[in-house]
Structure formats: C-alpha cells, structure tokens
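Visitor: Supplied in structure tokens, the structure appears directly below.
The values are calculated or read from the model by the stated rules, or taken from the named source; none is laboratory data. Source: prediction; values computed, not measured. When we count neighbours, we look across all protein chains shown, and the Cβ atoms used for this are built from the backbone with ideal geometry, even at glycine. Remember, those area values only see protein heavy atoms, side chains included, never the ligands or the DNA or RNA. Shrake-Rupley method; radii C 1.70, N 1.55, O 1.52, S 1.80 Å.
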Amino acid sequence: QLQLVESGGGLVQPGGSLRLSCTASGYSLNAYDIGWFRQAPGKEREGVSCISGRSAETNYIDSSKGRFTISRDNAMNTVYLQMNSLKPEDTAVYYCTATPWYGSSCPLDNQYLHWGQGTQVTVSS
C-alpha cells in the first residue's frame with residue numbers, strides 16, 4: 001500500500017516562503033506521477049504542480065509558475081514543493097497525490113488515485 005505523508009505547512013506572511021514535503025512509504029515515488037493539489041474553502045480542488053515519475057517533467061498552474069518549484073529526492077523518497085512569494089490567495093489545504101505513471105508527462109487534470117491527509121498553508125498578515 002502506498003502511503004503519502006505531507007508536512008511543512010503553516011502560517012506565513014505574504015511574500016514569505018514555505019517548503020512542503022511529501023514522503024512515501026510502501027513504494028518508490030518515482031514509480032508514480034506526483035501532484036500537489038490544493039483546496040481553499042468554497043473552491044474546487046485545483047492541481048498546483050506535478051512531476052512525472054517516468055521523465056521528471058514538471059507542470060505548474062499559471063498562477064504558481066515562477067514562484068513554486070516541485071522537485072524529487074529519490075534517496076529520501078520525497079517530493080518537495082518550494083513555495084516562494086506566497087500570496088493570500090495561495091491559502092488552502094495542500095495535498096500530495098500520486099498515480100501510477102502511464103506516460104512521460106503528468107497532466108494536472110489526470111485522476112490521481114492516492115492522496116495524503118493534507119497540510120494547511122495560510123498566507124496572512
């Protein structure tokens with residue numbers, strides 16, 4: 001069984017930074033496409049970023065591009081989401097997600113089968 005555990009969320013002021021971590025157990029993360037999704041109150045879940053398990057290709061939503069960076073540390077079996085220049089609209093519960101890869105890319109509109117418990121990110125003065 002694949003298990004995903006997120007950490008690194010918290011309260012940060014606008015313009016600040018956080019690094020979210022997603023550590024897997026049971027299987028190697030590079031066998032999966034890994035996505036970070038977020039859900040804010042009253043809003044639909046949206047894919048923020050993903051990294052392909054096969055090619056390491058990454059994708060970002062436009063609002064995060066240039067501010068967020070997804071990366072993978074195979075030795076630690078961990079995927080990170082470095083979030084810089086945070087804005088209040090980034091406030092959400094962030095979820096680490098995974099799905100077995102079947103291609104060389106990780107479209108954010110794919111269905112991700114495995115979900116972590118989420119970690120709260122709050123950006124506020």
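Visitor: Go through (1) part of a strand (DSSP E or B); (2) under 14 Å from the mean Cα position of the chain (by Cα) one by one and return the number of the condition L11 breaks.
Guide: If we test L11 against (1) part of a strand (DSSP E or B); (2) under 14 Å from the mean Cα position of the chain (by Cα), just (2) comes out false.
Visitor: Which pairs have Cβ atoms under 8 Å, sit 6 or more apart or on different chains, and link a residue in region 105-122 that is under 11 Å from L4 (Cα atoms) to one that is open to solvent by less than 40 Å² (accessible area, probe 1.4 Å) and part of a loop (DSSP other than H, G, I, E, B)?
Guide: Listed pairs, sorted by first residue: H114/L2.
Visitor: Let me ask something else about it. Could you check how many residues of region 59-105 are closer than 19 Å to G15 by Cβ and of a type outside the set (F, W, Y)?
Guide: 18
Visitor: Which ones in region 94-103 are open to solvent by 30 Å² or more (accessible area, probe 1.4 Å), in contact (Cβ under 8 Å) with a residue 60 or more places away in the chain and out of contact with any helix residue (DSSP H, G or I) (no Cβ under 9 Å at 6 or more places or on another chain)?
Guide: Y95, the sole residue that qualifies.
Visitor: Where the second residue is surrounded by 14 or more Cβ atoms within 10 Å (Cβ to Cβ) and in a loop (DSSP other than H, G, I, E, B) and the first is free of Cβ contacts under 8 Å to residues at least 60 places away in the same chain and of a type in the set (K, R) and lies in region 44-56, which pairs have Cβ atoms under 8 Å and are six or more apart or on separate chains?
Guide: R54/W101
Visitor: Test R19 against the criterion of being surrounded by fewer than 16 Cβ atoms within 10 Å (Cβ to Cβ), part of a strand (DSSP E or B) and either of a type outside the set (A, V, I, L, M, F, W, C) or in contact (Cβ under 8 Å) with a residue 24 or more places away in the chain (or both), and give yes or no.
Guide: It is true that R19 is surrounded by fewer than 16 Cβ atoms within 10 Å (Cβ to Cβ), part of a strand (DSSP E or B) and either of a type outside the set (A, V, I, L, M, F, W, C) or in contact (Cβ under 8 Å) with a residue 24 or more places away in the chain (or both).
Visitor: Give me the residue from region 22-50 that is among the hydroxyl-bearing types (S, T, Y) and assigned to a loop (DSSP other than H, G, I, E, B) and, out of that set, surrounded by the fewest Cβ atoms within 10 Å (Cβ to Cβ).
Guide: S28
Visitor: Could you tell me whether any residue of region 68-76 is over 19 Å from E44 (Cα atoms), without any contact (Cβ under 8 Å) to a residue 24 or more places away in the chain and of a type in the set (K, R)?
Guide: no
Visitor: Please go through region 104-118 and pick out each residue that is open to solvent by less than 20 Å² (accessible area, probe 1.4 Å) and either more than 14 Å from the chain's Cα centre (by Cα) or more than 17 Å from E44 (Cβ to Cβ) (or both).
Guide: Matches in region 104-118: C106, G116.
Visitor: Report the residue count in region 51-85 for those that are part of a loop (DSSP other than H, G, I, E, B), closer than 19 Å to S104 by Cα, open to solvent by 50 Å² or more (accessible area, probe 1.4 Å) and not small (G, A, S).
Guide: Qualifying residue count, region 51-85: 3.
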